[in-house]
Amino acid sequence: MVEDPAVRSKTMAAVRSENTQPEIQLRKALWAAKIRGYRVHFPLLGKPDIVFTRQHLAVFIDGCFWHRCPQCFRMPKTHREYWEPKIARNVARDETVTQKLREEGWHVMRFWEHEIRNQLLACVEHIIQNLNTLGRR
């Protein structure tokens, strides 16, 4: 079934890039774990979801569809000529952003949205371990 273009447009316009549910869940869990000192919407290459400026730690939460999660991603059956290059560009951009941030001295962590949804406490613990390793300056 082909979706009406007006309906599809409205659906796509509703996709958020900031303050997504997984991002809010992770921030609330960090706050509950008494982890403070992070910034959101910090103007850094790639627009990380959470940034610890003192430790130079950038945290990204990648959407399983938009960033081609190896576990969850399913290519749409319609308009493949649009979606295949679109998703490939996203993945390539992620790799470039990670590499450039590391070259600039940043530590980069990436989580899939399903990891936040299903293993939230493990994700928080992983961030805490990195913060401890980097020093809480």
Of the residues in segment 85-106, those that are free of Cβ contacts under 8 Å to residues at least 60 places away in the same chain and either open to solvent by 80 Å² or more (accessible area, probe 1.4 Å) or within 22 Å of residue 128 (Cα to Cα) (or both) come to 89, 93, 95, 98, 99, 100, 101, 102, 103, 104, 105
Name the single residue that is farthest from residue 121 (Cα to Cα) among those in segment 41-55 being without any contact (Cβ under 8 Å) to a residue 24 or more places away in the chain and open to solvent by 50 Å² or more (accessible area, probe 1.4 Å). 43
Residues (β-branched (Val, Ile, Thr) and either in contact with a Cys (Cβ under 8 Å, 6 or more places away or on another chain) or assigned to a loop (DSSP other than H, G, I, E, B) (or both)) located in segment 108-137: 116
Suppose we filter 77, 34 for residues that are out of contact with any His (no Cβ under 9 Å at 6 or more places or on another chain), exposed (fewer than 13 other Cβ atoms within 10 Å of the Cβ), modelled with pLDDT of 95 or more and in a loop (DSSP other than H, G, I, E, B); which single one remains? 34
Taking segment 91-126 and keeping only residues that are in contact with a Gly (Cβ under 9 Å, 6 or more places away or on another chain) and either farther than 16 Å from residue 28 by Cα or at pLDDT below 95 (or both), one is left with 93, 94, 96, 97, 98, 100, 101, 108, 112
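The values are calculated or read from the model by the stated rules, or taken from the named source; none is laboratory data. Please read all numbers here as calculations on a predicted model, not as lab measurements. Cβ: placed from backbone, ideal geometry, glycine included. Neighbour counts: every protein chain shown. The protein model used for the area step is the full one, side chains on, heavy atoms only, and it has no ligands, DNA or RNA in it. Shrake-Rupley method; radii C 1.70, N 1.55, O 1.52, S 1.80 Å.
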